[in-house]
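Undergrad: Please find one structure pasted underneath; my questions will follow.
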Amino acid sequence: MPQNDKALLSLLKEQEVEFVIIGGVCGVLHGASLVTLDLDICCRFTRENLRRIEAAVKDLHPRHRLAANKLPFELTDELCSSLKNIYLNTDLGVLDCLSEVSGIGNYEQVLQRSIPHTLSYGAFRILNLDALIAAKSAVGREKDLDALRMLRAIKERTAQQKELF
Amino acid sequence: MNGKYVMPPDAGPAWRAAVAYGFDMSLVEDALRLTPEQRLDQHQRALDTILEVKEAGERHAAK
């Protein structure tokens, strides 16, 4: 299965989904040289915003990737009010949508600790480096601890470079 | 010619720890010279390669 983060981000942008890029792709944007196989975002879990996500992926055969029966991703009003996270397989790869981030909090708190990044296909928000480090520390899986070593080094290096200029 | 990674003379403890852990921090140095968009493009190319190799392995195993 391909994983095309740029295309997924473009579709989310087109539908005006409110989200912050978190996880491995956020680390890559900060300069980490680790490969990540999914796109993780934190988003506002309102009905409106969830419907925008649904519209963004509707042509990509989205399925709940962690459900035993891999059910198609089809929202109902009831689902919109009960979902906390959405883990999807799509024709463009894996898209995980979280309502909160360990070590940071809910979407509003994530938004407060995000910074803007303008790419050629739109303006996005990503977790700032300190927040990403806090999130990785809170999860604490082996792969997160690996990433933490690199992210802390990047933080140190970029701080040194800022002092120089 | 390929040689041993030369640590930046002003490398701090976290950078040194990452090198000691085994990360090729020359890749991170390169990434930090890129724009975020270039970093994402580079990541996509690496990801495409990994997924191609993985699929080739799966096809081979299925034979």
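Undergrad: Based only on other Cβ atoms within 10 Å, what is the fewest-to-most ordering of B:His60, A:His61, B:His43, A:His117?
TA: Values: B:His60 8, A:His61 13, B:His43 24, A:His117 18.
In order of increasing Cβ crowding within 10 Å: B:His60, A:His61, A:His117, B:His43.
Undergrad: Taking region A:67-161, which GluC sites (Glu not before Pro) meet the DSSP loop condition and have no more than 13 other C-beta atoms within 10 Å?
TA: Working: sites: A:Glu74, A:Glu78, A:Glu100, A:Glu108, A:Glu142, A:Glu156; in loops: A:Glu74.
Passing sites in region A:67-161 are A:Glu74.
Undergrad: Given a Förster distance of 22 Å, report the FRET efficiency between B:Asp41 and A:Thr118 from their Cβ-Cβ distance, rounded to the nearest 0.05. Working shown, then result.
TA: Details: r = 15 Å, r/R0 = 0.68.
The pair B:Asp41/A:Thr118 has a calculated efficiency of 0.90.
Undergrad: So, in nm, how far is label A:Gln15 from label B:Ala61 when the simple model puts each one 7 Å beyond its Cα toward the Cβ?
TA: Result: 3.2 nm between the two label points.
Undergrad: Give the distance, in whole Å, between the Cα centre of region B:34-52 and the Cα centre of region A:90-144.
TA: Using only Cα atoms to place each centre, the spacing works out to 18 Å.
Undergrad: I need the fraction of alpha carbon pairs in the protein assembly as shown separated by more than 22 Å, rounded to a whole percent. Write down the numbers at each step before the final one.
TA: Details: 14286 of 25878 pairs.
In whole percent, the long-distance tail amounts to 55.
Undergrad: List the aspartates and glutamates whose Cα lies under 19 Å from the Cα of A:Lys84, skipping any in the same chain that are fewer than 8 positions away.
TA: A:Glu18, A:Asp38, A:Asp40, A:Glu48, A:Glu54, A:Glu74, A:Asp96, A:Glu100, A:Glu108
Undergrad: Within 10 Å of each candidate Cβ there may be at most 14 other Cβ atoms; applying that plus a DSSP loop requirement, which GluC sites (Glu not before Pro) in region A:1-71 survive?
TA: Values: sites: A:Glu14, A:Glu16, A:Glu18, A:Glu48, A:Glu54; in loops: A:Glu16, A:Glu18.
Loop-located and lightly packed - A:Glu16.
Undergrad: Follow-up question, since we're still on this one. Please work out how much length the chain gains when fully extended from A:Gln161 to A:Val139, using 0.36 nm per residue of separation minus the C-alpha to C-alpha distance, in nm with one decimal. Working shown, then result.
TA: On the way: separation 22, 0.36 × 22 = 7.92 nm, distance 2.89 nm.
Gain on stretching A:Gln161 to A:Val139: 5.0 nm.
Undergrad: Now, a different point. Taking the Cα-to-Cβ direction at A:Lys58 and at B:Tyr21 and moving 7 Å from each Cα, how far apart do the two end points lie in nm?
TA: 4.3
Undergrad: Mind checking the angle between helix A:47-57 and chain A's longest principal axis? C-alpha axes, 0 to 90 degrees, to the nearest 10.
TA: 90
Computed from the coordinates by the stated procedures, all read-outs in this text should not be read as laboratory data. None of these values were measured; they are calculated from a predicted model. No Cβ is skipped: glycine too gets one built from the backbone with ideal geometry, and neighbour counts run over all protein chains shown.
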